[in-house]
1. Sort through Val291, Val316, Val308 and tell me the only one that's more than 15 Å from the ligand (Cβ to nearest atom) and under 21 Å from Glu197 (Cα atoms).
2. Could you grab me the full set of residues in region 335-359 that are closer than 23 Å to Ser279 by Cβ and assigned to a loop (DSSP other than H, G, I, E, B)?
3. Please work out if Leu276 is farther than 30 Å from Ile16 by Cα, of a type outside the set (S, T, N, Q), more than 12 Å from the ligand (Cβ to nearest atom) and crowded, with 19+ Cβ neighbours inside 10 Å.
4. Identify all residues within region 121-150 that are under 19 Å from the mean Cα position of the chain (by Cα) and among the hydrophobic types (A, V, I, L, M, F, W, C); write none if there are none.
5. Grab the strands (runs of 3 or more DSSP E) fully contained in region 192-273, keeping just those with 2 or more residues being crowded, with 22+ Cβ neighbours inside 10 Å.
6. Please go through region 9-50 and give me each residue that is under 22 Å from Ala84 (Cβ atoms), part of a helix (DSSP H, G or I) and within 12 Å of the ligand (Cβ to nearest atom), ordered by number.
7. Which of the following residues is within 16 Å of Ile16 (Cβ to Cβ) and more than 16 Å from the ligand (Cβ to nearest atom): Val107, Val89?
8. Looking at region 171-191, which of its residues are away from the ligand (no atom under 16 Å from the Cβ) and crowded, with 20+ Cβ neighbours inside 10 Å?
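Please treat every number below as a calculation from the coordinates, not as lab data. None of these values were measured; they are calculated from a predicted model. So basically every Cβ, Gly included, is an ideal-geometry build from the backbone, and we count neighbours across all protein chains shown.
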Amino acid sequence: MNVTCVVGARPNFVKISPIIAELHNRCMAHRLVHTGQHYDFEMSASFFADLDLPKPDVDLGIGSGTHAVQTGMAMMGLEEEFEANRPDVVVVVGDVNSTLAAALAAVKLHIPVAHVEAGYRSGDFSMPEEVNRLVVDQISQLLLAPTPDAVVNLAKEGVEGDHVVFVGNVMAETLLRHLHKVKARAKYAELGLTAGEYALATIHRAENTDDECRLRAICEGFHYSSVPIVWPLHPRTRKKLEELKLISELASRVTLTEPMPYLDLLNVMANARMVLTDSGGVQEESCMLGVPCLTLRDNTERKLTVDVGANRLVPVDRREIIAAIERIKNGKYPSWSAPENWDIEVSARIVDALASLQG
Ligand code: UD1
């Protein structure tokens, strides 16, 4: 069986890493295709290095653009790739534009698609990721769900049967497999932070960065936080903060850094008192690390992290953000256990499911 795995953006690299290792261990023929959606060293190459990912067999170099340009460019490159090296199945992960492009390009060539992280739903169609998730799940032949509620979401949309498999969360497996390296680092100390006494912030979603009112509310909340904050800036967030001339005032109160490589970010996360985020993956990683998470969004597709008590939604409002930070700083936060199937066997279950496609 020939498997082609497609990645494009930062969280994809984290999710594909154990799957590539498992395919390699089982001597299953595979190719790794990078669309090039993310291309900065900090956003791409540093992840390949930290995760011991092999160099992609091909990098399509599509870069940035509008949604249509980015998705269209990726589809054109992927169609050529799939025709030249026709796989038996295309594996796509997550919900970024490259995920959508790969699923569309494959299905139109009658190549089965396996979607890792199927069934997550925020119910918010203004999010590009929600549109991507919905379309990819409708056109995939194998749906590999991270949580039981994702299986339920798929069933509500009429997607059910043997081709829906609850495999667990592959990002959790990546974290568990790299935990010894994460613990061996002291990135937080290099930044002058004290373990358990600071918050890690990551903000990059369009709904927060491209809405001036929301971005200002977040900055004010962080500015007046009584807990020191370290905030690695995604390029789009930095650009928006520069446009609004918010950087220098913010930098007087918040430690702003470049985007961090995988192991450094997890080291800073693991030692934080709390996490402030709008990322999907960070909600899950903080849940695995036992660090309370405040999600600065109106909804989340990672509902299980809220249900187990690891994560809370916080309205994007200066006073709400400050109050939520204070509550964690002052109060006791109940502990929780890792959700079912968020373990080191996720990639094995995924590859078992891929192998079953051949009957
Ligand atoms: C994408 C995903 C988002 C995911 C995020 C992880 C989509 C629709 N969104 O958002 O779900 O959480 O990746 O980071 O696919 N840029 C650079 N260098 C890079 C990459 C991006 O400077 O290596 C800048 C460019 O100005 C670009 C902007 O960031 O226009 C946005 O990049 P893009 O890939 O379109 O989306 P992300 O915001 O990264």
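1. That would be Val291, the only listed residue that is more than 15 Å from the ligand (Cβ to nearest atom) and under 21 Å from Glu197 (Cα atoms).
2. Those that are closer than 23 Å to Ser279 by Cβ and assigned to a loop (DSSP other than H, G, I, E, B): Ser335, Trp336, Ser337, Ala338, Pro339, Glu340, Asn341, Trp342, Asp343, Ile344.
3. no
4. Phe125, Met127, Val131, Leu134, Val135, Val136, Leu143, Leu144, Ala145, Ala150 - these are the residues of region 121-150 that are under 19 Å from the mean Cα position of the chain (by Cα) and among the hydrophobic types (A, V, I, L, M, F, W, C).
5. Correct list: 199-202, 229-232.
6. Asn12
7. From the options Val107, Val89, the qualifying one is Val89.
8. Matches in region 171-191: Ala172, Glu173, Leu175, Val182, Lys187, Tyr188.
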